[in-house]
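Visitor: Below are the structure tokens for one structure; questions will follow.
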Amino acid sequence: MWTLPRTRFAHCNGSSGSDEKELAVNIGGVRLVLCGDLLNRYPDSRLAELVNCTTRTFDTISSLCDDYDPGKGEFYFDRDPDSFRCIVEVYYFGEIHMKRGICPMCFIKEMEFWKIDLSYLDECCKSNLSEKEEELAEIADKVKVILDDLDCDPAVSLTERWQKSVWKLMEKPESSLPARVIAVVSFLFILVSSVVMCLGTLPDLQVEDSDGNRVEHPTLDAIETACIGWFTVEYVLRLASSPNKMRFALSFMNMIDFLAVLPFYVVLVLTYLGTAMMELVNVQQAVQALRIMRIARIFKLARHSSGLQTLTYALKRSFKELGLLLMYMGVGIFVFSALGYTMEQSHPETLFRSIPQSFWWAIITMTTVGYGDIYPKTTLGRCNAAISFLCGVIAIALPIHPIINNFVIYYNKQKVLETAAKHELELMELRAHELTVKSGLRRWEGAMRVSRSDTFLPLLSGAHKEPAKKKSLT
């Protein structure tokens, strides 16, 4: 039997009236005696309804509890005792604090069973609940996407089917073997294009054109053209099959894809049409400036790497820490460059000509690069340099832990979401199979209605109105 918490409200007195209102409950095997006056502080709760029940008939009691022992006068509830131990605090303290280790979604179901409003939940627990709700929403989105892929609605037109098939082929490597092959081929084209861009700058692999200018080797140029052709076809197919073309065009990674192929066509236009509008020298300068934009295609690797995507997310979540790093480094650069300029003025061969020129020295010193083109020659200047790079090491090391922590949190979260989504789909497939064996009904929607796992997703209710063909999810 639990020890009741000491309440800050008035206790039940020793009168017979209070004794008559005592309620003995058994929560999952744990017995507890509660005072009726205490329970009546929340008259809409299940326990208050039970203690105020005047006609204790079988139908009335069974609607409020799972079982009743007339000999002991004990009401039995087949509920989680750990969750109830937290919920019962509302009668004593006016608020509920969810203990560590309890599933927030299961705890909310317990509160709904005991008819306790969610407003009594402590603020720190509400934030934990909101995070869990966001995770369940993401799981529901993943499940909906997979169900959309499995859905074969006969009412859909041939054009829509083609669009959906192409989108799965180009965007979802896990959907089929041809999609995985296309993803691998695209990855190889990105690597080959990046290598060709680097090799094209080697003087030994360049040739002279009719004007004596050194240009890329024709073989490398042909490989580059083939890579651009693949990137162009890939981008056009993805754009044509996209469900939301505006969102697709404005996506950051898709903008990278567009910028990766844009320089090729701009250079092509300038080469064949630009000479008629401007001088040849200006055209060549514009071509060289646009060719450097080809480095953007290396960012296309992020589309095929979950690690790079996780790193990008971690950096987005670490803007505050990165901002503090830039602030610390900016203050340090200004202070130490000013001190270095002042301390080195007494030396006749000083390299510190001005404070702005000293900024470069402060940057390479605080980042521990140390090119050696500018260095102090006085004793005070060297002491200032030693302090500056020590401060630089400390300033750079401070935000490393939050960035790594955000990376690990997001990576683990994605793994948990993928596992939970697969678990929910396996349950839905199992229920669908049971329905098929019993009634011959092959409906995923029916499986969604009967699936009740610990992470049951009400967000999926009504998501699909048409039956989907049962396919293997593995």
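Visitor: Could you order Met253, Met327 so the one with the most accessible surface comes first? Probe is 1.4 Å.
Guide: I get Met327, Met253, largest accessible area first.
Visitor: Before I look further, what does the range 300-428 give for accessible area per residue, probe 1.4 Å, in whole square angstrom?
Guide: Averaged over the residues of the range 300-428, the accessible area is 59 Å².
Visitor: Could you report the range 22-121's accessible area per residue, 1.4 Å probe, as an integer in Å²?
Guide: Numbers: 4870 Å² over 100 residues.
So the range 22-121 comes to 49 Å² accessible per residue, rounded to a whole number.
Visitor: Distance cut-off 27 Å, Cα to Cα: go down the list Lys126/Lys413; Lys126/Lys172; Lys144/Lys415 and report the pairs above it.
Guide: Pairs exceeding 27 Å: Lys126/Lys172.
Visitor: Rounded to the nearest 0.05, what FRET efficiency do Arg247 and Ala386 give with R0 = 60 Å and r taken as the Cβ-Cβ distance? Could you check?
Guide: So, using R0 = 60 Å, E works out to roughly 0.70.
Visitor: Quote the relative contact order of the range 309-431 in percent (integer), defining contacts as alpha-carbon pairs under 8 Å separated by 6+ residues.
Guide: 34 percent
The values are calculated or read from the model by the stated rules, or taken from the named source; none is laboratory data. These figures come from a predicted structure and were not determined experimentally. Neighbour counts run over all protein chains shown; Cβ positions are idealised from the backbone, glycine included. Only protein heavy atoms, including side chains, enter the accessible area calculation; ligands, DNA and RNA are left aside. Shrake-Rupley method; radii C 1.70, N 1.55, O 1.52, S 1.80 Å.
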